[in-house]
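Read through the structure below, which is laid out as structure tokens, and then see the notes.
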Amino acid sequence: MSDEPILLTPGPLTTHPDTRRAMLRDWGSRDPAFIALTAEMRQRLLAVANGAASHVAVPVQGSGTFIVEAAIATLVAPGQKLLVLANGAYGERMVAIARRMGREVAALRWPEDRPVEPARVAAALRADPAVTHVALVHCETTTGILNPLAETAAVVAEAGRRFLLDAMSSFGALALDLGAVPVTAVLASSNKCLEGVPGIGFALVAKDALEGAEGNSPSTSLDLHAQWRGFEKDGQWRFTPPVQVVAALVEALRRLEAEGGPAARRARYQANFDTLQAGMRRLGFALYLDEAVQAPIIATFRMPADGSLAFRPFYEALAARGFLIYPGKLTQGESFRIGCIGAIGPEVFERLLRAVEAVLAAG
Ligand SMILES: *Cc1c(COP(=O)(O)O)cnc(C)c1O
């Protein structure tokens, strides 16, 4: 439908019509056809990160935060200690979750515009032998900053600790090879770079870590070990699955493969970002981050310093022209964000730029 808005957000985001069409049927959750669909989904999720030899895919009903909570509750046992590497709101959320789950937790922090530094992580692990697990946010969606995954994973593995990766806003677009990068658990969701609809969080968990995690979680529904055992037993979800979301995610995963996998998707998002960034600069908007640390996922722009523009009227004027942008999440300074992900290409960003120009001219 032409009057549907374009979602320039970090998810839910603009999906392909075929992905939405995949939801136009009902599935019996215990029927062999749906069991096969679930199996295909789990197998395709592993394949995206080359994890089939070492990891298992465990989906959970809910948003991304549900899988982060389930993973911390299941994989960090009582008495163990989590070190969260934080340079934004999603790192801080992991700290809060671990605390709430009654786990011992410490945070190593960086300013929001600075990436995590692996050397500081190595020093922190040397200084605190009680830390058993380290958590990193791959792309911190708060700003769009890219954290150094391979280098951090290497440092954590070298120190003999387990590594949890919040890959929520990178999975499916930024390359991840579980055969080469040591990650205990990768956490992501259906509605970001995979371009599915919201409703599923999932973890790719190293089999040896999951096997030893029975009974760790204080929660019945957010228990990755029990959820995994359920799938192993009969291929079925333990509790009512979001059947249409599964169908849409399988279609979205088939589309990812047809597009050429994460490398091709990243290239499209990069073209989106480049178009956006060049055009916004021309219109006088400065990118918040240094380009060297910017991921092609979501861009944070500063509001003009002269106070000539406020977020709410700017949002509403763009919404009236069919584009939904996103508020900023910086702890300091007025900003807004524009997502570069979803089933959209650079031509959409050309149209957006014309809309921004028109809104400024009407100002
Ligand atoms: C989106 C996101 C999450 C999860 O958010 P939900 O709103 O629960 O889906 C977690 N971490 C990061 C980095 C994210 O971008």
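Here the condition is being out of contact with any strand residue (DSSP E or B) (no Cβ under 7 Å at 6 or more places or on another chain), of a type in the set (A, V, I, L, M, F, W, C) and in the same structural domain as residue 167 (by TED's automatic domain parsing); of 53, 86, 49, 71, it holds for 53 alone.
Looking at 207, 233, 192, just one residue is within 18 Å of residue 39 (Cβ to Cβ) and touching a residue at least 12 places away in the same chain (Cβ under 8 Å), and that residue is 207. Cβ-Cβ distances below 7 Å connect the following pairs, each with a first residue in the range 146-158 that is within 14 Å of residue 126 (Cβ to Cβ), a second residue that is of a type in the set (Phe, Trp, Tyr) and crowded, with 21+ Cβ neighbours inside 10 Å, and a separation of six or more residues or different chains: 156/163.
In the set (1) surrounded by fewer than 16 Cβ atoms within 10 Å (Cβ to Cβ); (2) assigned to a helix (DSSP H, G or I); (3) touching a helix residue (DSSP H, G or I) at 6+ places or on another chain (Cβ under 9 Å); (4) hydrophobic (A, V, I, L, M, F, W, C), residue 96 fails one condition alone, (3). The number of residues in the range 118-167 being open to solvent by 30 Å² or more (accessible area, probe 1.4 Å) and among the small types (Gly, Ala, Ser) comes to 9. Applying a threshold of 7 Å to beta carbon distances and a minimum spacing of six or more residues, or different chains, the list of pairs starting in the range 5-30 at a residue that is within 15 Å of the ligand (Cβ to nearest atom) and ending at one that is among the hydroxyl-bearing types (Ser, Thr, Tyr) and open to solvent by less than 40 Å² (accessible area, probe 1.4 Å) reads 7/14; 10/141; 10/169. Considering 104, 112, 117, 92, the condition of being of a type in the set (Asp, Glu) and within 12 Å of the ligand (Cβ to nearest atom) is satisfied by 92 alone. Summed over the range 22-38, the residues that are part of a helix (DSSP H, G or I) and surrounded by fewer than 17 Cβ atoms within 10 Å (Cβ to Cβ) give a count of 3.
On the given criteria, is residue 172 within 12 Å of the ligand (Cβ to nearest atom), on the phi > 0 side of the Ramachandran plot and assigned by TED's automatic domain parsing to the domain that holds residue 111? No. Looking across the range 64-89 at every residue that is part of a helix (DSSP H, G or I) and small (Gly, Ala, Ser), the one that is nearest to the ligand (Cβ to nearest atom) is identified as 64. Scanning the range 39-63 for residues that are of a type outside the set (D, E, K, R), open to solvent by 40 Å² or more (accessible area, probe 1.4 Å) and away from the ligand (no atom under 15 Å from the Cβ) gives 39, 43, 47, 50, 52, 53, 54.
Kindly establish whether residue 188 is outside any loop (DSSP other than H, G, I, E, B), at pLDDT 95 or above, within 22 Å of residue 91 (Cβ to Cβ) and within 12 Å of the ligand (Cβ to nearest atom). So residue 188 fits the description; yes. A residue that is in a loop (DSSP other than H, G, I, E, B) and within 16 Å of the ligand (Cβ to nearest atom) cannot be found anywhere in the range 120-135.
Each row is one residue, and each column tells you yes or no for (1) open to solvent by less than 10 Å² (accessible area, probe 1.4 Å); (2) without any contact (Cβ under 8 Å) to a residue 12 or more places away in the chain.
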| position | (1), (2) |
| --- | --- |
| 264 | no, yes |
| 270 | no, no |
| 295 | yes, no |
| 301 | yes, no |
| 304 | no, no |
| 309 | no, no |
| 312 | no, yes |
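Evaluate the following for residue 238: is it basic (Lys, Arg) and more than 24 Å from residue 32 (Cβ to Cβ)? Spelling it out, it is not the case that residue 238 is basic (Lys, Arg) and more than 24 Å from residue 32 (Cβ to Cβ).
The values are calculated or read from the model by the stated rules, or taken from the named source; none is laboratory data. Remember, it's a predicted structure, so these values are computed and weren't measured experimentally. For neighbour counting, all protein chains shown are included, and Cβ atoms are generated from backbone atoms with ideal geometry for every residue, glycine included. Just the protein is used for accessible areas: all its heavy atoms, side chains included, with ligands, DNA and RNA removed. Shrake-Rupley method; radii C 1.70, N 1.55, O 1.52, S 1.80 Å.
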